[in-house]
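Contents: one structure, followed by commentary.
The values are calculated or read from the model by the stated rules, or taken from the named source; none is laboratory data. Worth saying up front: this structure is predicted, and the values here are computed from it rather than measured. No Cβ is skipped: glycine too gets one built from the backbone with ideal geometry, and neighbour counts run over all protein chains shown. In case anyone asks, the SASA skips ligands and DNA or RNA and just uses the protein heavy atoms, side chains included. Shrake-Rupley method; radii C 1.70, N 1.55, O 1.52, S 1.80 Å.
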Amino acid sequence: MILVLVEHTAGRPERTSLEALTVARGLAAATAGTAIEAVLIGPGAGDAAGWLAPQGVATAHVVEHPELTDYAPAAWATALAEVMATRRPSAVIAAGTDRGNEVLAYVGARTGLPLATNCLAVAPGSTGNGLSLRRQRWAGSLIEHAELAAATALLTIAPHAVAEEHADEPGAPSVASVTPTLASSDLASRVVGRIEPDAGTVSLSDARVVVGGGRGVGSAEGFAELEELAGLLGGAVGVSRVVTSAGWRPHAEQVGQTGLRIAPDLYIACGISGAIQHIVGCQAAKAILAINKDPEAPIMQRARYAVIGDLHQVVPAISAEVRRVSGG
Amino acid sequence: MEILVCVKRVPATGGQINLTADEQDIDTRFLGFTVSPHEECAVEEAVRLVEAHGGSVTVMTLGPAEAEEQLREAMAIGAGKAVLLDSGGRDWDPLATAAALTAAIRGREAADGPFDLILFGNESADSGGFQVGIRIAVALDRPCVIGVKALEVADGNVRAQRDAAAAREVYELPLPAVVAVKEGINLPRYPSVPGRLRAKRAPLDVLTPDDVTGGPTKVRLEVPVRVATTAEVLGEGPAAAPRVVEVLQQLGLVSS
Ligand SMILES: Cc1cc2nc3c(=O)[nH]c(=O)nc-3n(C[C@H](O)[C@H](O)[C@H](O)COP(=O)(O)OP(=O)(O)OC[C@H]3O[C@@H](n4cnc5c(N)ncnc54)[C@H](O)[C@@H]3O)c2cc1C
Ligand SMILES: Nc1ncnc2c1ncn2[C@@H]1O[C@H](COP(=O)(O)O)[C@@H](O)[C@H]1O
């Protein structure tokens, strides 16, 4: 049996968890007779279980507890470990999200089991014992082929590594309700409040166009030109790490391995060389336009379009042209 | 406050990654080394807390002898003590890494008293296991919060903020605690010249830990194939603007 931790918001499973279920079914199919069971935790878990019919889940373990009104990683791990103790899965799989990675790390720590995070693919090992897997290193700039031999394999699946699919044979899962026994230490770390984000500004993660600025912008003031273009295109400004380290712009705008992953229709990279740690943050863009004075910059190998030149001349000229054609 | 920060030496790769011929490692012959930006911020956060509350910062790494360089960089911005666990140059798996660090922390605490706070990066830059900090927190039976973008210490508690899809989450845990931070929590300072000189001469403890491999086991590395595109050059300098706007129109981003 393979157990999958299904995260959910407002009673609906997260897409990343459905991707994890897709990988779980693939692994189950490789060993005949392996069933898939799911664990869902906290308010709305029962409703979310109702969405699992197309997922080929045999049993949904719905975890409820008066203390589990909000996220508490160690308590989630305790709940998962209780289900593991009675159901003895060969693998436990979660999405490679903040929570999925965190909860499985607790399970690994408590059981002494190894954990392979952010896997791209998982299959039975060639030697018959254990699993063969591929996982992300360097946020996906590098792939590690690894083997995992353990009584129970703990795995998380890199978000969007596979497309979510439905099972060949859907069926309504039976629901088993679980009330875990929680210790006070399970609740020592938990969400005790929330701070709502400021409303109004175009969010970088949702923008259709992102105007990116790197070291080539040269100063905090230099960003006025990029903001103007972003404003004209209804987009947002994103930056490289050099820019945030220099204090020119806030870290919330950083794109890359230790910043945001964005997927706009167009990413206009101005004065950005294209280091791999930046590219992993913007490679999901439908197209990249690079504006750089160096025609040999690595970003050119990722870009669909390029303008060679000084961004301080090119960007204002583009803004002026946008104004002209839109009659503004 | 006594604070420990764990950092990991990694190559500073640039525009592309090249592998060694046996595909076991990154070819680092022409590369410098660094630590994850998350860990740089962890060191800065520790130094700020000690500046505000008193105490001292210890940095610890499991790595090759050359990782002394990363420990001294942390000392240059204000860490007072450093411990190097010699990995023999091998890449230790997360279980082995956590076990070695836990044993060294226990040894240190037995001698000098407990750390109020142990800081980690949210994930290591290279292997990105998202687990070493949590494994150590569980082994030491201390509460832990990860992904932290803001941290306050008051009255024996830490108050931490973490980004989530809808809103920032707030956590509150009693000390001693384990916290994994993300870049953006602060803007690390540049080391001062006196800081660098002090760091150069500061003593450094070197220990040889036990390797208790637990997996997963690396078989080989692979650089993902990315189709290199040949960018269509729309022009040079400001004269390219009309052509750029045509493309923006084709993409439906500017009305025609
Ligand atoms: C573990 C780790 C994580 C990292 N995470 C991130 C991350 O999340 N995000 C990130 O961005 N980086 C990250 N980095 C840093 C990354 O490796 C690079 O150092 C950084 O992306 C480089 O930023 P840049 O392109 O702005 O600067 P540079 O590499 O210095 O490039 C500047 C470019 O601007 C061009 N230029 C200069 N002047 C002009 C001008 N007037 N007009 C036009 N072009 C001009 C130059 O030709 C050059 O191509 C990380 C590094 C590590 C080790
Ligand atoms: N070899 C190491 N030496 C010291 N600290 C480490 C080491 N490996 C990981 N860490 C710490 O644990 C954090 C999480 O690592 P990981 O679980 O590999 O993603 C890192 O950001 C470091 O703070």
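Within region B:206-216, work out how many residues are exposed (fewer than 15 other Cβ atoms within 10 Å of the Cβ) and of a type outside the set (A, V, I, L, M).
So the first thing to find is which residues in region B:206-216 are exposed (fewer than 15 other Cβ atoms within 10 Å of the Cβ), and the list is B:206, B:208, B:210, B:212-213.
Now narrow it down to the ones that are of a type outside the set (A, V, I, L, M): B:208, B:210, B:213.
Number of matching residues: 3.
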For region A:93-123, the count of residues that are in contact with a Ser or Thr (Cβ under 9 Å, 6 or more places away or on another chain), closer than 16 Å to A:ALA161 by Cβ and not in a helix (DSSP H, G or I) equals 12
If only one of B:ALA166, B:ALA228, B:ALA241 is of a type outside the set (Phe, Trp, Tyr), at the interface with chain A (Cβ under 7 Å from one of its Cβ atoms) and in a loop (DSSP other than H, G, I, E, B), which one is it? B:ALA228
If we scan region A:71-92, do we find a residue that is open to solvent by 10 Å² or more (accessible area, probe 1.4 Å), assigned to a helix (DSSP H, G or I), small (Gly, Ala, Ser) and away from every other protein chain (no Cβ under 13 Å)? yes
Give me the residue from region A:106-132 that is out of contact with any Gly (no Cβ under 7 Å at 6 or more places or on another chain) and at the interface with another protein chain (Cβ under 7 Å from one of its Cβ atoms) and, out of that set, surrounded by the most Cβ atoms within 10 Å (Cβ to Cβ). A:ALA116
Residue satisfying condition, being away from ligand 1 (no atom under 16 Å from the Cβ), open to solvent by 30 Å² or more (accessible area, probe 1.4 Å) and either at pLDDT 95 or above or more than 25 Å from A:THR111 (Cβ to Cβ) (or both), within set B:GLY88, B:GLY133: B:GLY88
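Suppose we filter B:ALA67, B:ALA99, B:ALA111, B:ALA76 for residues that are out of contact with any strand residue (DSSP E or B) (no Cβ under 9 Å at 6 or more places or on another chain) and within 24 Å of B:GLU45 (Cα to Cα); which single one remains?
Values: B:ALA67 fails: out of contact with any strand residue (DSSP E or B) (no Cβ under 9 Å at 6 or more places or on another chain); B:ALA99 fails: within 24 Å of B:GLU45 (Cα to Cα); B:ALA111 fails: within 24 Å of B:GLU45 (Cα to Cα).
None of the others qualify; the one that does is B:ALA76.
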Of the numbered conditions (1) aliphatic (A, V, I, L, M); (2) out of contact with any Ser or Thr (no Cβ under 8 Å at 6 or more places or on another chain); (3) more than 19 Å from A:GLN254 (Cα to Cα), A:ALA297 satisfies every one except a single condition; which is it? (2)
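One line per residue, one yes/no per condition, for (1) acidic (Asp, Glu); (2) within 25 Å of the chain's Cα centre (by Cα); (3) closer than 28 Å to B:ALA150 by Cα:
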residue: A:ALA139; (1), (2), (3): no, yes, yes
residue: A:ALA150; (1), (2), (3): no, no, no
residue: A:ALA163; (1), (2), (3): no, yes, no
residue: A:PRO173; (1), (2), (3): no, no, no
residue: A:GLU221; (1), (2), (3): yes, no, yes
residue: A:GLU227; (1), (2), (3): yes, no, yes
residue: A:GLY231; (1), (2), (3): no, no, no
residue: A:TRP248; (1), (2), (3): no, no, yes
Run B:ASP112 past the list (1) more than 16 Å from ligand 1 (Cβ to nearest atom); (2) under 22 Å from B:PRO37 (Cα atoms); (3) open to solvent by 10 Å² or more (accessible area, probe 1.4 Å) and report the number of the one that doesn't hold. (2)
Look at region A:268-316 and say how many of its residues are in contact with a Gly (Cβ under 8 Å, 6 or more places away or on another chain), within 8 Å of another protein chain (Cβ to nearest Cβ) and in a helix (DSSP H, G or I). 7
Region A:236-262 - residue that is within 11 Å of chain B (Cβ to nearest Cβ), surrounded by 23 or more Cβ atoms within 10 Å (Cβ to Cβ) and part of a loop (DSSP other than H, G, I, E, B) and, of those, nearest to ligand 2 (Cβ to nearest atom): A:THR258
Are there strands (runs of 3 or more DSSP E) fully within region B:29-125 with at least 3 residues that are farther than 27 Å from A:THR244 by Cβ? List them. B:56-63, B:81-86
